[in-house]
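Note sheet for the following structure.
The values are calculated or read from the model by the stated rules, or taken from the named source; none is laboratory data. Predicted model only: the values in this text are computed from it and were never measured. Positions of Cβ are backbone-derived with ideal geometry, glycine not excepted, and every protein chain shown enters the neighbour counts. All accessible areas refer to the heavy atoms of the entire protein, side chains included, with ligands and DNA or RNA removed. Shrake-Rupley method; radii C 1.70, N 1.55, O 1.52, S 1.80 Å.
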Amino acid sequence: MRLVFATKINNVSIDINKVRADFPILSQKIYGKDLIYLDSGATAQKPQCVIDAETEMYTHWNSNIHRGVHFLSNQSTDRYEKSRTIIKDFLNAKSEKEVIFTSGTTASINLVAHSLGDFCIEKGDEIIVTEMEHHSNIVPWQLLCQRKGAVLKVIPVTDCGELNIDAFKSIISERTKIVSVAHVSNTLGTINPINEIAQIVHNYNAYFVVDGAQGVQHGKVDVQAMDCDFYAFSGHKLYAPTGIGVLYGKEEILEQMPPYMGGGDMIKEVSFNGTTFAELPLKFEAGTSNYVGAYALGEAINYVNSVGVDNIEEYEQDLLKYATNKLSTIDGLKIYGTAKNKVCTISFLLDGIHHYDTGMILDKLGIAVRTGHHCTQPLTERFNIDGIVRASFTFYNTKAEVDALYDGLLKVKQMFS
Ligand code: PMP
């Protein structure tokens, strides 16, 4: 489906009414009130074309991919592999061999931690992450350090929620083998300086992994320009179904890495005398892949492209400015994460009111926000809080919804006064 854009209104090219109509869930009422969905950071809603893509696969083309000689298997395989090409183009990867389907960001990072870890980590080596990482980009590295006797080091975060790059330069060393950093913080919204970090990492001949779970949906990702060695993301945050994700990796590195999981589809020949492995990318896709999800992910990316990545970024930045200004006028509201470069994610606390209470009351007003530590416990600890309210916006949200959040927060304050 292709959208026809309205001419720029307030310099923004999104036809918001058309976009919202594409997401059927958004027109629902919750407790008799209009749903205001401000939790896209946890998972994004799905446009009708993605829902239709799943139905289409199961209605017409369902058959296990690869190895099949029959019509349906070819149809299914064709859609799976075309989706890989769509993703390759979307990320500006060099080749389809660099695009591995996984079940999501967590699976992608675990794949790298196991396979690259087996390939390059020895006792005493160092792995560096940051203080703002999601647990998915901490725990797999901790486990690797335990297996190999390696050391985990941490880049600290400044008070405004940016990475302290000077501190990074002082902790990276000749023993550093892997650096893994979020493209965008899920809690603070900070967009990290990926190019600058890549340069530092590569000066030390270390590998650079980027957790793109919160990055890929908010602006153009060009893995070649970023010069990252790996980029992981989840389909469900990019308007695609759950259970499908991607690991991008540079071909020359993936070639050297040992397989992660063993099973069907990842082999060339199996015998009890020894097994040979499939070429990339199948070497890393053991077992029956989520081919239905993969097809739908391709359709989600087609949809995003039809709206326009630049338009999305521009629209969301405008919304971020509006929401930040508006929420900042609430007495006693503190925003955590005020980096210069941010996506439209605003985390905050109301003075003296528990984040959970704020979230519960907003929910009764039809407003879905997320509360808690957002799987970033070291970060909430860094800010001396046990949790936070997060409103994560995307291009289907509106300024009217920001106003509703503002009114809702005034009600929360009133109830606790
Ligand atoms: N990293 C970041 C920055 C995230 O926001 C998330 C999801 N909240 C993940 C990793 C994990 O993603 P998934 O649960 O889809 O594997």
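Here are a few things to note about the model shown:
- Relative contact order of the chain: 22 percent, from C-alpha pairs under 8 Å at least 6 residues apart in sequence.
- From most to least packed by mean Cβ count within 10 Å, the peptides 272-281, 169-178, 354-363 give 354-363, 169-178, 272-281.
- Sites TYR356 and ASP34, calculated FRET efficiency, Cβ-Cβ separation with R0 30 Å, nearest 0.05: 0.80
- Pairs from LYS88/LYS334; LYS46/LYS220; LYS94/LYS342; LYS18/LYS334; LYS46/LYS148; LYS250/LYS321 whose Cα-Cα separation, in the structure shown, is over 31 Å: LYS88/LYS334; LYS18/LYS334; LYS46/LYS148; LYS250/LYS321
- Rounded to the nearest whole angstrom, the semi-axes of the ellipsoid equivalent to the chain, taken from the Cα gyration tensor as √(5λ), stand at 36, 29, 18, largest first.
- Hull volume in cubic angstrom per residue (convex hull over the Cα atoms of the stretch 7-98): 185
- Tail weight of P(r) past 12 Å, computed on alpha-carbon pairs of the stretch 37-81, percent: 65
- Surface composition of the chain: carbon and sulfur atoms hold 51% of the protein heavy-atom accessible area at a 1.4 Å probe.
- Peptides ranked, highest mean first, by Cβ atoms within 10 Å: ranges 198-204, 381-387: 198-204, 381-387
- In nm, spacing of pseudo-spin labels at ILE25 and GLN377 (7 Å Cα→C-beta vector): 2.7
- Evaluating 6.51 cos²θ - 1.76 cosθ + 1.60 at θ = phi - 60° for every residue in the stretch 237-248, the Karplus couplings come out as 8, 10, 6, 9, x, 6, x, 9, x, 9, 10, 8 Hz, glycine and proline recorded as x.
- Summed residue charge, Cβ within 13 Å of ASN325's Cβ, Lys/Arg positive, Asp/Glu negative: +1
- The stretch 245-295: Cα Rg divided by the 2.2 N^0.38 Å rule of thumb: 1.20
- Global dimensions of the stretch 82-164 from alpha-carbon coordinates: Rg and Dmax equal 15.4, 44 Å.
- Taking the empirical scaling 2.2 N^0.38 Å for compact globular proteins as reference, the stretch 189-302 has a Cα radius of gyration ratio of 1.22.
- Highest to lowest packing among 313-325, 23-35, scored as the average C-beta count within 10 Å: 313-325, 23-35
- If you take all other residues with their beta carbon under 14 Å from the beta carbon of VAL223, and give Lys and Arg +1 and Asp and Glu -1, the sum is -4.
- Sorted into 5 angstrom bins from 0, the C-alpha pair distances of the stretch 24-176 split as 2, 7, 10, 12, 13, 14, 13, 11, 9, 7, 3, 1 percent.
- Net charge dipole, the stretch 51-305: roughly 380 debye, given to the nearest 20, about the Cα centre with Cβ charges of +1 for Lys and Arg and -1 for Asp and Glu.
- Where the stretch 51-305 is the region considered: accessible area per residue in Å², 1.4 Å probe: 39
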